[in-house]
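Taking it in order: structure first as C-alpha cells, then the write-up.
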Amino acid sequence: MRIGLNFLSFRSYQGTEIFARHLLSELVGMAPDSAYIVFGSAWLPDEMRLGSLHVSVETVRINPAKTLSMGLYQQIILPLKLMAKGITHFYAPLPSIPVFFPGKKFITIHDCAYDRFAEYKSTLSRLYIKSMYLAGKYICDGIITDSSFAKEELVQLYDIEPERIHVLYPGIPDLPGVDEALIRETKEAFGIRHEYFLYVGITRPRKNLPGLLKAFKLFLRSHPATQLVLAGRIDTSFVDIGEEIRTMDLRDHVVQTGFVSDRQKAALYRGSLGLVFPSYYEGFGIPVIEAQGLGVPVLTSNTSSLPEVAGEGAVYVDPHDINDIAGGMEKLLDSGTRDRLIRDGLENVERFSWRRAASELLDILKEGKEPGSGLHI
C-alpha cells in the first residue's frame with residue numbers, strides 16, 4: 001500500500017497530534033512494506049516528523065490557521081497530488097478528507113464536541129468541519145473514533161450506521177522517565193512553591209477550566225498552601241483563563257505554564273498531588289491515561305467517555321458542581337484513596353496499547369471497500 005496521511009492542520013503537539021504520531025510510528029514498524037507519505041504544513045511540529053526510510057513528508061506552505069486557503073488546497077490540489085504519487089489509501093487522523101480523491105479514504109472523528117459546544121473560531125470553520133463529518137458518513141470507506149461513547153454520539157447526531165464506525169482506543173503516550181532532581185528543576189522553572197494539583201490540556205469551553213478554578217478557590221479555604229498548575233498551550237480564542245485567574249484573585253495560587261515539553265510534563269505529573277480533569281465532554285481524554293500510566297491519582301468527570309476510559313482508577317465528580325469538584329480534591333489527599341487510585345489506574349491502562357491500535361488500524365485500511373464502491377462525489 002502507498003498510504004497518504006493528512007497532518008496539514010497540525011501546528012502544536014497535543015491530543016490529536018500525539019494520537020497521529022504514535023499510530024504512524026507503530027504502523028511503520030508493523031507494515032514496513034508500505035510507503036507512507038505525510039502531508040504537513042511548514043508549521044508541522046518536529047515531533048511529527050518521523051525519521052524513517054518508509055516515511056516522507058510533503059511540506060505545504062499554507063498556514064493551518066488560514067481555514068479557507070487550507071480547505072481549498074485539501075479539496076482541489078491535494079487530490080491531484082495524491083493521484084500523482086500513486087497513493088492507494090488516504091487516512092486523516094482528524095476530520096479533514098479530500099472528497100475528490102478516488103482511492104480508499106478513512107477518517108478519524110474523535111468526538112462531536114463541535115456539535116455540543118461553540119468550539120469554532122468562525123462560521124467558515126464550523127461549516128467546513130460539519131462538511132467533513134458528512135464526508136465521513138457518505139464518502140469515506142471507514143470511520144474511526146476513540147471510544148464507544150464517541151461512536152454513540154456519531155450514530156445519534158449523524159445517523160451513521162454503527163457497523164461503519166470502528167472504535168480504536170489510543171495507547172498511552174510515551175513520556176520519559178524523571179527523577180527527583182528534574183521534578184525540583186521543573187517546579188522551580190515554573191514558580192511552583194507548594195504541593196499542587198495538575199491540569200493538562202487546552203483551554204476550550206468544554207474543558208471547564210472556570211469551574212475548576214472556582215472549585216479550587218473553595219478548596220483553598222481549608223488548604224491555603226496549595227497550588228493549581230495549568231499545563232498546556234495558552235489560547236485566549238475561546239476563554240481567557242489568565243483573566244479568570246486575576247478576577248478570582250488566584251494569581252498567587254494558580255500557575256499557567258504554557259506549552260511544556262514531554263520531560264517537563266512527566267515531571268509535573270510525577271510531582272503533583274494528582275491530575276484534576278473535570279471536563280464537560282471528552283471523546284477520550286489522553287491526560288487521564290497519561291497520569292494513570294505514571295502512577296498519579298486522577299480526578300475526572302462522570303460524563304461523556306471519561307468513565308469508560310478511566311475505569312476504576314479515578315475519583316469521579318459532577319463537572320457542573322464546584323462543591324463536588326472541591327470535595328474530589330479533598331479525596332485525593334487521603335492516603336488510602338491515593339493508594340487505591342494508583343493501583344487501579346496502573347491496572348486500567350493495561351487496556352491501552354499503541355501497537356494494538358495500529359494493528360487494528362492496519363486491518364481497517366486493508367479491509368476497506370474497494371475504491372468506487374461507496375458514494376463518491
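A short reminder: the numbers here are calculations on the coordinates, not readings from a lab. This is a predicted model, so every value here is computed, not measured. Don't worry about glycine lacking a Cβ; one is built from the backbone with ideal geometry, like all the others, and counts go over all protein chains shown.
Side notes on the structure shown:
- Sparse-neighbour loop sites [trypsin sites (Lys or Arg not before Pro); segment 109-140; at most 13 other C-beta within 10 Å; DSSP]: Lys121
- Rounded to whole Hz, the Karplus (6.51, -1.76, 1.60) HN-Hα couplings of segment 25-40, x for glycine and proline: 4, 6, 4, 4, x, 8, 9, x, 6, 8, 9, 10, 10, 8, 9, x
- Between 0 and 90°, nearest 10: helix 123-138 axis offset from the chain longest Cα axis: 60 degrees
- Derived scalar couplings ³J(HN,Hα) [segment 13-20; Karplus, 6.51 cos²θ - 1.76 cosθ + 1.60; whole Hz; x for Gly, Pro]: 9, 10, x, 5, 5, 4, 4, 5
- Zone of Lys366's modelled label, taken as backbone nitrogen in segment 31-67 under 20 Å from a point 7 Å along Cα→Cβ: 31-37, 54-55
- Taking amide H positions as modeled 1.01 Å from N, with prolines and chain starts lacking one, the residues under 5 Å from Val315 and 5 or more places away or on another chain are Val298, Leu299, Thr300.
- The long axis of helix 354-367 is offset from the longest Cα principal axis of the chain by roughly 20 degrees.
- Electrostatic tally near Gly328: other residues with Cβ closer than 13 Å to its Cβ, Lys and Arg +1, Asp and Glu -1, net -3.
- Low-density loop cleavage sites - trypsin sites (Lys or Arg not before Pro) in segment 148-193, where at most 13 other Cβ are within 10 Å (DSSP): Arg193
- Rounded to whole Hz, the Karplus (6.51, -1.76, 1.60) HN-Hα couplings of segment 87-101, x for glycine and proline: 5, 9, 9, 10, 10, 10, x, 8, x, 7, 10, x, 5, 8, 5
- Cα-based Lys proximity count in segment 146-275, under 26 Å, for pairs eight or more positions apart or on separate chains: 9
- Low-density loop cleavage sites - trypsin sites (Lys or Arg not before Pro) in segment 239-311, where at most 13 other Cβ are within 10 Å (DSSP): Arg251
- Cα centroid separation, segment 251-321 to segment 223-246: 15 Å.
- Cα gyration tensor shape of segment 180-351, rounded if a/c is under 1.5, else prolate or oblate by comparing a/b with b/c: rounded
- Cross-link partners of Lys66 among aspartates and glutamates (Cα-Cα below 15 Å; sequence separation of 8 or more within a chain): none
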